[in-house]
Amino acid sequence: MNAGEAGAGLRRLVHEVRELALGDRTVYEAGRLTVSEEAARSLVEDPALAEVGLACASPGEPVRIIGALDAVQPCSKGPGGGGVFPGFLGPALPPGRGETHVLRGAAVLAAGHLPRAQEAVIDMSGPVAPLSPLAATHNLVIEFERAPGAAWEDVEAAVRRGLLRVAVHVADAALECDPDAVEELPDPAATPEGRPRVGVVTNIQTQGKYKDVFVYGRSLSTGLATLISPNELDDGAVVSGQYGHPALKNPTYLHQTHPVVAALRECDDLSLAALVLCPEPVEQGAKELISAHAARLCAGLGLDAAILTKEGGGNADADVSLKMDRLEEEGITTVGVFAEMAGRDGTGPSLVVPPSRATAMVSVGNYDELVSLPACERALGGDRLALLDRPATDELELPAAAIYCALNPLGWGNLTCAEAG
Amino acid sequence: MRVVHYINQFFAGVGGEEAAGTEPELREGPVGPGKRLAALLGDEHEIVATAVCGDDHASEHSDFAAALVESAREKGAELLVAGPAFTSGRYGLACARIVVAAAEAGLPALAAMHPDNPGLHEAAGTPVVESGATGREMRPSLERLAAATRKLAGGEELTADDGRIGPVARVNHMAERSAAERAVALLLDRLGGDREATEIPLPTFDQVTPADPVADPADALVALLTEGGFVPAGNPDRLESARATKWVRHSLEGRDSVEEGEFESVHGGFSTQWANAEPNRILPLDVARELEQEGAIGGLHTEYFATTGNGTTVADARRFGVEWAAELHEARIQAAILTAT
C-alpha cells in the first residue's frame, strides 16, 4: 500500500470498555470508564430540558430500559471530537480519514419520551437480552424531562446534541491511552481487484420530524442517493433522529458499526466497493425515482452486486423491493434484508410489498411474534410501560417489534424466521 | 359419531342477502348440503343437527360461535363440520370462527372453503380443507369434506393429501450467524449461480375483484371509513397507534365537519400534526356533507369506522374488511370512501 492509499483510509484505535461507573472525573484506564456526572450533565443541559439524569446499565444487570431513543458509540479524533459527527459537533465536511479512537463495548443512550417515539425496550439480562445490541454494551443512560412549555423539536435537538457531546467527551478520555487494537480500514478505492465489487445500499428513513436521519447534519428527505465512504460511518457521518419502529430502528450506534459493512470487510471473496445512502420517501413516485436513480448510480460505479438494507416496516419494504428490482435490471446481483410481518401466529404473508424480479432475501425475524420478559429489579427511562399500561419492572409479554433493534434491518442480530417443523 | 354441521342462511334455505341478519339457531338433522354430506359420511356417522346463522350476524357478533357450539354440545355433538364456504368471505369467516370455538371447547372440528377465502386466516390451527370456488363445485367439495371428516373422526391428523389448506406458521429462532453475515453468504451463493437461494419465499396475494360502479351516486348512501387512526379526542377506545387489533365506530350525526380538538389521529406511522390541526383532512366530512346537501350523493352513513393501518397484520386487516363489509351491507350502504394515510 503506498502513502496515498494509506492517507485515504481510516485507522481505528480501539479501546475496550469492560466496566462503567459514574464518578467525580471522567477517566478511562485499563478497560474501566468512569464518567464525571457533573461534566456529562452540563454537556446535555439545555433550556428545553428541565432535568437531566444519568445512570449506568451494564450487561447482565437486572435492569430494563424503556423508551430507549438513540444510542451512540463514543468516538473522537482529538480533543472535542476533532471532526466526528460532522454537521453537529464538527464542521459539515466528510470525515472518515486519519485516526479515530473508539470506546468499544460502551454506548451513550437516551431514554424518555419524545413525540412519535414508540416505546422501545432493552432488557440488560434474561431471555430477551440477546435480541438487543445495547444489552451487550456498558450504557451511560441519559434520562430527561421537558422544560415546561419547551417545544418538542427543541427537546429532541437538545437530547441529540447532548448524546453526541457526551459520546465525544468520554472518548476524549482515551485519546492518550494505548489502544487494545489498531484496525486499518482501507479506502474503498484501494480495495483488491479481481473480486466482485459489492455496494452496500442503505435506505435511511425520511418521514418527517422524529422519524428523520441526518447525513453531515442534514436531512436526506429531499435528496437523492448519495455515495459516501463506508469509513465515514465510523466517524458519525450518519446520525439518527428516528424514534419509531423500536425493533426496526437503526440507531447511530449501528450506523457507526454498520453490520453489513463490517461483514463485507471480513469477507475475503468480495470487495466492499461503495456505500450508497438513499432516502426512504413516503410518496410512490419518489420511491420509484430514488430506486431507479440509485440503481443507475450503482451501475455507474461498476458494481457487480449489492446488499440492501432499510429502516422501519411496511412502507420501507416498498423501497427495498423496488430498489432490488431496479438493481437486478441493471445486472447487479442483489440481496435484501427484510423483516417479516407474519402476524402473531406466523401464518400471515410475511412481506407487505415483495420484490418481483430480485428474490434473494434475508429474514431478520417476524416482528409480530410475542416474547416474554420476566420481572426485573430496576427500570430506566420511565416507571410505566404505556403500551401495556403496566409498571415497567413487571413480567411482560410484548411483540418482538417492541424490543430495541431486535430485528435490526442493518443486519446486526441473529434472529431469523422459518417455517415450523 | 354424532356430527353437527354449520351452514349459512343461504344454504339453509332462509334467503339470500336480505336474510343475512338471520340469528343463530340449531335445527334437527341435516339441512341443505348437509343431506348430501350425511349420505357421503355413511352409517358410522350421523348429522344430528345443523347450526345456521346469517352471514352478517356472524360477522358482526363473534360470540355467535361459542353459543352455537354450546347448543351443539347439548345435542351430544362429538364433531363439528362447517361449510363448504367456497369464496364467500363472511361465510368463510363464520365457518372459521365456529370451528375455532368448537376446538376451544374440545370438539374435533374442520371447515371447508376455497384457498382465497379470507376466513382461512381466521381458522388459526383448526383444520380447513379445500373447496371449489363456487356452489357449482358443491359435489366434489362435499366429497372431500366427507372424506376428511371420516379421517378426523378416526382421530387422525389431516394433511395436504386430504386437501388441507392454510398457511404454515413461520417461527422465530436464533441463527448461528448474524443477518449481515448471512446476507454476505447469500450474495456469494447467488453470485455462484444459485438463482433460488433465499430465506423468505415470495408470498402470494389474493386478487380482489372490485364491485361494479355505483349506478347513480345521487341515490347512493355513502360511508366514510379510514385507516388513519382517527378517533375522538382522548382516544376513549384506546385504538392502537400501530399493529391495530381492532377497529372503532363513532357517530357523525348532527355534525357538518370534524373539528380540531374534538377528533385526532393516533396513527404512529406519520406526523399527525396536520391531521390534528384540520381533522377533515383524514375524514373528509366537511366536503361529504356539502355533496350530500347538493344532492350529489344520496346521503351519508350515520357513523364512521376507523382503524390504524400501521404494521397491521394481514389477518387482522382481512377480518376488519369482512366485518366492515357486513356492517355496511346491512346498513344498505352502496359506496364507501376509505381514506388511506
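The values are calculated or read from the model by the stated rules, or taken from the named source; none is laboratory data. Everything numeric in this text was worked out from a predicted model, so none of it was measured. No Cβ is skipped: glycine too gets one built from the backbone with ideal geometry, and neighbour counts run over all protein chains shown. Side chains included, ligands, DNA and RNA excluded: accessible areas come from the protein's heavy atoms. Shrake-Rupley method; radii C 1.70, N 1.55, O 1.52, S 1.80 Å.
Tabulated values for the structure
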| item | result |
| --- | --- |
| Ranked order, A:156, B:143, A:193 - accessible area, probe 1.4 Å, largest first | A:193, B:143, A:156 |
| Structure-based [θ]222 nm, chain B - -39500 (n - 2.57) summed over DSSP H runs of at least 4, per residue, nearest 500 | -9500 deg cm²/dmol |
| Kirkwood hydrodynamic radius of region B:2-165, Cα pairs, Å | 14.9 Å |
| Region A:1-108: projected area of the alpha-carbon convex hull, averaged over directions, in nm² | 9.3 nm² |
| Residue-averaged beta-carbon neighbours from other chains (10 angstrom radius) around B:190-201 | 6 |
| Alpha-carbon gyration tensor eigenvalues x 5, square-rooted, for region A:296-409, Å | 37, 15, 10 |
| Residue of A:312, A:217, A:31 that the Gaussian network model of chain A assigns the largest fluctuation, springs spanning Cα pairs under 10 Å | A:31 |
| Accessible-area value, residue A:388, 1.4 Å probe, nucleic acids and ligands omitted, Å² | 60 Å² |
| Gaussian network model of chain B, springs between alpha carbon atoms under 10 Å - residue of B:207, B:273, B:293 with greatest fluctuation | B:207 |
| Residues whose placed amide H lies under 5 Å from that of residue B:310, excluding near-sequence neighbours | B:243, B:244 |
| Calculated P(r) of region A:134-243 - Cα pairs past 18 Å, % | 66 percent |
| GluC sites (Glu not before Pro) within region A:341-421: DSSP coil, no more than 11 neighbouring Cβ in 10 Å | A:377, A:395 |
| Exposure rank, largest accessible area first [A:344, A:160, B:195; 1.4 Å] | A:344, B:195, A:160 |
| Computed Rg/Rh of chain A, alpha carbon atoms with Kirkwood Rh | 0.95 |
| Phi-based couplings in Hz for region B:66-83 (Karplus 6.51, -1.76, 1.60; Gly and Pro marked x) | 4, 5, 5, 5, 4, 4, 4, 5, 5, 7, x, 4, 10, 7, 10, 10, 9, x |
| Percent of Cα pairs exceeding the 38 Å cut-off, where the set is chain B | 30 percent |
| Residue A:267 - accessible surface, heavy atoms, 1.4 Å probe, Å² rounded to 10 | 20 Å² |
| GNM flexibility winner over chain B from B:270, B:86, B:305 (Cα, springs under 10 Å) | B:270 |
| Principal semi-axes in Å for region B:124-221 [√(5λ), Cα gyration tensor, largest first] | 39, 29, 14 |
| Cα pair distances in region B:190-299, grouped into 10 Å bins until the bin that holds the longest one, percent each | 12, 30, 25, 18, 8, 6, 1 |
| Proximal lysines to residue A:310, defined as alpha-carbon separation beneath 20 angstrom and excluding residues fewer than eight positions away on the same chain | A:209, A:211, A:249, A:287, A:323 |
| A versus B: buried accessible surface, summed, Å² (probe 1.4 Å, to nearest 100) | 4500 Å² |
| Debye intensity ratio I(q)/I(0), log10, the protein assembly as shown, q values 0.05 Å⁻¹ (C-alpha model) | -0.30 |
| Ellipticity estimate at 222 nm from DSSP helix runs (n ≥ 4, -39,500 (n - 2.57)) divided over chain A, nearest 500 | -6000 deg cm²/dmol |
| Ranking by accessible area, most exposed first, for B:80, B:191 with a 1.4 Å probe | B:191, B:80 |
| Occluded residues from region A:338-375, i.e. those whose accessible area drops by 50 Å² or more once the chain is not alone (1.4 Å probe) | A:347, A:349, A:359, A:361, A:362, A:369 |
| Solvent-accessible area of residue B:1 with every protein chain in place, 1.4 Å probe, in Å² to the nearest 10 | 70 Å² |
